[in-house]
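Trainee: Here's a structure for you.
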Amino acid sequence: MEFFPPKTPAGEALLAQRLERFRALDPAFCSITYGAGGSTREKTLEWARRLRNEYGFETMCHLTCVGHSREELRSLLEGLWADAIENIIALRGDPPRGQENWQPHPEGLRHAVELVRLARSVAPFGIAVAGFPEGHPESPTEQEDLRYLKEKVDAGADVVITQLFFDNTDFFHYVNAARAVGVSVPIVPGIMPFRTGAQLEKFTTVYARTRNGPARIPEKLRKRLQGIASDEDAARLGIAYAIEQCEELLDRGVPGIHFYCLNESDAVDAILQSLRSSHRLA
Ligand code: FAD
């Protein structure tokens, strides 16, 4: 279950309330994202500690190379380990808003693989890295994407968590291609139950862009969206569609599912209830 650090006291109170509900869903782990601009970073660390200490979740902290020197990252990693946060997802991060191309900090790290190596040198973290079933927007070819994925795994990543996608075919293709280049660690699919058509468009065009432009919304989903008149119906479709995706993924043996929860508990609650009632999840 992935959350982001809320920006307002009201958002914080709401997340705290929802985490009680998430606890009942018994997730294998919870993760908290790391903001691009710097403003939410202290909050990320604070929420990572809360997830671990207040709620008792196995916690994974997102960490990016953006705006940090190597020594700052080392000290962040040491702090996490001292706070018993034993899992990280090691990311490069996107350029901060207003900056078009990725530029590392002058004394920083250029690629996620370097953060994996740094983390490995600090403590025996559980380390996840990002994978992109439809291709990272800056990677000109699939082979290049996979080469660097393999490099991250060879550097010590234990698991790959994927960008969100809406066509399972893209995920299955990616896993096969990754296996073919020798990536043997678990690859966990990232699933986002959308709430509105506008939100789906925003995520596919802004946060989950691919080598070929926006993340793909398959024709079958587009058709179903066309018949939708209200936000309530869109949210229901988001849940139903995510259930269908998860059913197929679980039937084909994925090692788990990473939910982009967006700090909402209702959708994931409904999805898990359905997966548990069809005995796809214990
Ligand atoms: P990298 O692995 O460094 O790859 C970036 C690009 O460089 C790719 O095109 C890759 O092919 C290329 N590349 C990699 N290594 C090399 C190399 N050695 N030489 C040349 N080229 C190379 N962003 C946030 O800001 N905060 C978050 O909390 C966050 N959480 C995320 C969680 C998940 C599960 C995912 C999938 C993404 C997340 N992101 C987050 C987004 C992520 O930071 C961006 O997608 C970023 O553009 C790529 O990060 P990366 O770790 O894959 O980078």
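Trainee: Out of the residues in region 147-157 that are near the ligand (Cβ under 9 Å from one of its atoms) and basic (Lys, Arg), which is nearest to the chain's Cα centre (by Cα)? Reasoning before the result, please.
Mentor: Start the filter on region 147-157 by keeping residues that are near the ligand (Cβ under 9 Å from one of its atoms), which leaves 147-149, 151-152.
Subsequent filtering for residues that are basic (Lys, Arg) retains 147, 152.
On the way: ARG147: 20, LYS152: 16 Å.
Among those that are near the ligand (Cβ under 9 Å from one of its atoms) and basic (Lys, Arg), it is LYS152.
Trainee: Continuing with this model, one more query. With respect to the numbered conditions (1) loosely packed, with under 15 Cβ neighbours inside 10 Å; (2) free of Cβ contacts under 8 Å to residues at least 24 places away in the same chain; (3) within 24 Å of GLY190 (Cβ to Cβ), which one is the sole condition not fulfilled by GLY98?
Mentor: (3)
Trainee: Another question, if that's okay. Can you give me the number of residues within region 135-182 that are assigned to a loop (DSSP other than H, G, I, E, B) and more than 22 Å from ARG110 (Cα to Cα)? Show your work before the answer.
Mentor: Start the filter on region 135-182 by keeping residues that are assigned to a loop (DSSP other than H, G, I, E, B), which leaves 135-141, 155-158, 165-167, 181-182.
From what is left, the residues that are more than 22 Å from ARG110 (Cα to Cα) are 165-167, 181-182.
Qualifying residue count for the region: 5.
Trainee: Would you be able to tell me the number of residues in region 124-146 that are open to solvent by 10 Å² or more (accessible area, probe 1.4 Å), under 23 Å from GLU58 (Cβ atoms) and either more than 10 Å from the ligand (Cβ to nearest atom) or of a type in the set (Phe, Trp, Tyr) (or both)?
Mentor: 2
Trainee: Further, regarding this structure: I need a count of the residues in region 16-38 that are at negative phi and within 16 Å of the ligand (Cβ to nearest atom). Before the answer, list the steps.
Mentor: Narrowing region 16-38 to residues at negative phi: 16-25, 27-37.
Add one more test, that the residue is within 16 Å of the ligand (Cβ to nearest atom), and what stays is 27-37.
Selection size over region 16-38: 11.
Trainee: Right, here's the next one. Among the residues of region 85-95, count how many are in contact (Cβ under 8 Å) with a residue 60 or more places away in the chain and surrounded by fewer than 21 Cβ atoms within 10 Å (Cβ to Cβ). Full working, then the answer.
Mentor: Looking only at region 85-95, we keep the residues that are in contact (Cβ under 8 Å) with a residue 60 or more places away in the chain, and these are 89-90.
Narrowing the set further to residues that are surrounded by fewer than 21 Cβ atoms within 10 Å (Cβ to Cβ) leaves none.
Counting residues in region 85-95 that are in contact (Cβ under 8 Å) with a residue 60 or more places away in the chain and surrounded by fewer than 21 Cβ atoms within 10 Å (Cβ to Cβ) gives 0.
Trainee: Would you check if there is a residue in region 111-118 being open to solvent by 60 Å² or more (accessible area, probe 1.4 Å) and near the ligand (Cβ under 7 Å from one of its atoms)? Outline the logic, then answer.
Mentor: So in region 111-118, the residues open to solvent by 60 Å² or more (accessible area, probe 1.4 Å) come out as 111, 117.
Checking which are near the ligand (Cβ under 7 Å from one of its atoms) leaves us with 111.
Yes, region 111-118 contains a residue that is open to solvent by 60 Å² or more (accessible area, probe 1.4 Å) and near the ligand (Cβ under 7 Å from one of its atoms).
Trainee: Take region 198-216 and flag every residue that is part of a helix (DSSP H, G or I) and open to solvent by 30 Å² or more (accessible area, probe 1.4 Å). Before the answer, list the steps.
Mentor: So the first thing to find is which residues in region 198-216 are part of a helix (DSSP H, G or I), and the list is 198-207.
Residues satisfying the conditions are ALA198, GLN199, GLU201, LYS202, PHE203, THR205, VAL206, TYR207.
Trainee: Going through ALA13, ALA28 one at a time, which residue ends up being hydrophobic (A, V, I, L, M, F, W, C), exposed (fewer than 15 other Cβ atoms within 10 Å of the Cβ) and closer than 30 Å to GLU114 by Cβ?
Mentor: Details: ALA13 fails: closer than 30 Å to GLU114 by Cβ.
Every option except ALA28 fails the conditions.
Trainee: Here's something else I'd like to know. Could you tell me whether region 248-258 includes any residue that is over 20 Å from ASP94 (Cα atoms), in a loop (DSSP other than H, G, I, E, B) and either open to solvent by 70 Å² or more (accessible area, probe 1.4 Å) or among the aromatic types (Phe, Trp, Tyr) (or both)?
Mentor: Scanning region 248-258, I find at least one residue that is over 20 Å from ASP94 (Cα atoms), in a loop (DSSP other than H, G, I, E, B) and either open to solvent by 70 Å² or more (accessible area, probe 1.4 Å) or among the aromatic types (Phe, Trp, Tyr) (or both), so the answer is yes.
Trainee: If I filter region 158-181 down to residues being over 17 Å from the mean Cα position of the chain (by Cα) and within 16 Å of the ligand (Cβ to nearest atom), which single residue comes out as surrounded by the fewest Cβ atoms within 10 Å (Cβ to Cβ)? Steps first, please.
Mentor: Keep residues of region 158-181 that are over 17 Å from the mean Cα position of the chain (by Cα), which gives 169, 172-173, 176-181.
Keeping just the survivors that are within 16 Å of the ligand (Cβ to nearest atom) gives 177-178, 181.
Details: ALA177: 16, ALA178: 21, VAL181: 14.
Checked region 158-181; the qualifying residue surrounded by the fewest Cβ atoms within 10 Å (Cβ to Cβ) is VAL181.
Trainee: Might you let me know whether region 61-76 holds any residue that is touching a Lys or Arg at 6+ places or on another chain (Cβ under 8 Å), in contact (Cβ under 8 Å) with a residue 12 or more places away in the chain and farther than 20 Å from GLU138 by Cα?
Mentor: Initial filter on region 61-76 (touching a Lys or Arg at 6+ places or on another chain (Cβ under 8 Å)): 64-66.
Then drop every residue that is not in contact (Cβ under 8 Å) with a residue 12 or more places away in the chain, which leaves 64-66.
Those still in the list that are farther than 20 Å from GLU138 by Cα too: none.
No, that holds for no residue.
Trainee: Let me ask you something else. Write out, first by first residue and then by second, each pair whose Cβ atoms fall under 8 Å of each other, whose residues are 6+ apart or on separate chains, and whose first residue, in region 120-132, is over 10 Å from ILE187 (Cα atoms) while the second is open to solvent by 20 Å² or more (accessible area, probe 1.4 Å) and within 7 Å of the ligand (Cβ to nearest atom).
Mentor: PHE132/ASP145; PHE132/GLN163
The values are calculated or read from the model by the stated rules, or taken from the named source; none is laboratory data. Just so it is clear, the structure is predicted and the values come from calculations on it, not from any experiment. Neighbour counts are summed over all protein chains in view; Cβ atoms, including those assigned to glycine, are modelled from backbone coordinates with ideal geometry. Only protein heavy atoms, including side chains, enter the accessible area calculation; ligands, DNA and RNA are left aside. Shrake-Rupley method; radii C 1.70, N 1.55, O 1.52, S 1.80 Å.
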